[in-house]
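All remarks here apply to the structure that follows.
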Amino acid sequence: MRTAERRERLRATAAERGLDAVLVTTLLNVRYLTGFTGSNGALLLRTDGGDVFGTDGRYTTQAGTQVPDVELLVDRATVAGLAREAVRRGAGRIGYESHEVTVDGLGQLERVLVDAAAGATVPELVSVRRAVEVLRAVKDDDEVEALRRACAVADRALGELAAEGALRPGRTELQVGRELDARMLALGAEAPSFETIVATGANSAIPHHRPDGTELRGGDLLKLDFGATVDGYHSDMTRTVVLGSAADWQREVYALVAEAQAAGRAALAVGADVVAVDAASRDVIVAAGHGEHFTHGLGHGVGLEIHEAPGIGPLGAGTLAAGMAVTVEPGVYLPGHGGVRIEDTLVVTADAPELLTLTSKELLVL
């Protein structure tokens, strides 16, 4: 099972850091390592093997089906139960997810360990920071296939709406967004990847505009940023179209963003620095005099979360690796007039990146 392979990768990380065990409490990380999709679950991963999955009585049957290869501990106080189990099995240094555990939660965990040690040496708690998220940044074959299917749902949903004339003057942003969401659900999505962005006219100059009652009008730009969730994995795509005839300035801005987006896609390569990838795209826009109108990073990782490592931007850090699924989404936003963003989801490979969002990027005039 892929989940067993993932646990072995975390086990190697734990061993490198001199840990006896890792207590994984972030639900998406638990899902990644075990396959469990319920609302209460945690994993005690032991460096020498013998992992324990914890949940409460509501999920006994589900855990037996989804996590058949890990010992099960049923305890309403799941995290405390696993902490006591770690002490019972002799763990001296226990890693924990400091970005997930609250100050109060850490204090409670420390008290549980003291009580469980019963006068003996209390295990040391050591932050593993985002160790599992680092592993999640590189997708395995199963994850890439889920992303392909999520992207295909989004592609088809937009294509069907455009073909049916649903993107037309007189309709509101809210109507279009809700219909796009409903179409993705009808095509097999579990849910939209995030709150769908539909922005028309001057609203398209707002990078993360929330759709409202604004009506679509002829001659306006229409920006749609959306995605589908399939098997827990998220797609992300933005397309910008023009309703009716396109003005020269709209064509010029669109051509500029398309050029920048192509440069960003071409820069995706194994070993590429994320800051350099951002610069490859951003420099095109800066050279055209619109640097101040590109106000966000070039892209981000996608997977079990819509935004995850790596971050691709001027303040990013690190390099790309084969198997990373990322977005490339430059934009130019002209306040009071309109904006253009073009976004794809791609997978970094040893050769050219694999494009997962296949909707045409030619300027579509509806």
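The values are calculated or read from the model by the stated rules, or taken from the named source; none is laboratory data. In this text the structure is predicted, and so the values were computed from the model without any measurement. When we count neighbours, we look across all protein chains shown, and the Cβ atoms used for this are built from the backbone with ideal geometry, even at glycine.
Observations on the model:
- Figure legend. Inter-residue proximity from the stretch 274-287: first residues assigned by TED's automatic domain parsing to the domain that holds G299, second residues part of a helix (DSSP H, G or I) and of a type in the set (K, R), beta-carbon distance below 9 Å, spacing 6+ or different chains. Indicated pairs: S281/R265.
- Residue count for the stretch 46-84, restricted to those that are within 29 Å of the chain's Cα centre (by Cα), among the basic types (K, R) and either outside the structural domain of L106 (by TED's automatic domain parsing) or within 22 Å of G105 (Cα to Cα) (or both): 1
- The one condition in (1) in contact (Cβ under 8 Å) with a residue 60 or more places away in the chain; (2) surrounded by 15 or more Cβ atoms within 10 Å (Cβ to Cβ); (3) closer than 19 Å to T196 by Cα that Q175 fails to fulfil: (1)
- Scope the stretch 38-78; condition of a type in the set (S, T, Y) and either surrounded by 15 or more Cβ atoms within 10 Å (Cβ to Cβ) or touching a Lys or Arg at 6+ places or on another chain (Cβ under 6 Å) (or both); matching residues: T47, T55, Y59, T78
- Test: residue in the stretch 265-276 that is within 22 Å of A199 (Cα to Cα), in a loop (DSSP other than H, G, I, E, B) and small (G, A, S): no
- Counting only helices (runs of 4 or more DSSP H) that sit completely within the stretch 64-136, those holding 3 or more residues that are closer than 30 Å to V326 by Cβ and at pLDDT 95 or above correspond to 131-136.
- Comparison of D181, D155 shows that the only residue that is touching a Leu at 6+ places or on another chain (Cβ under 6 Å), assigned to a helix (DSSP H, G or I) and either in the same structural domain as G219 (by TED's automatic domain parsing) or touching a residue at least 12 places away in the same chain (Cβ under 8 Å) (or both) is D155.
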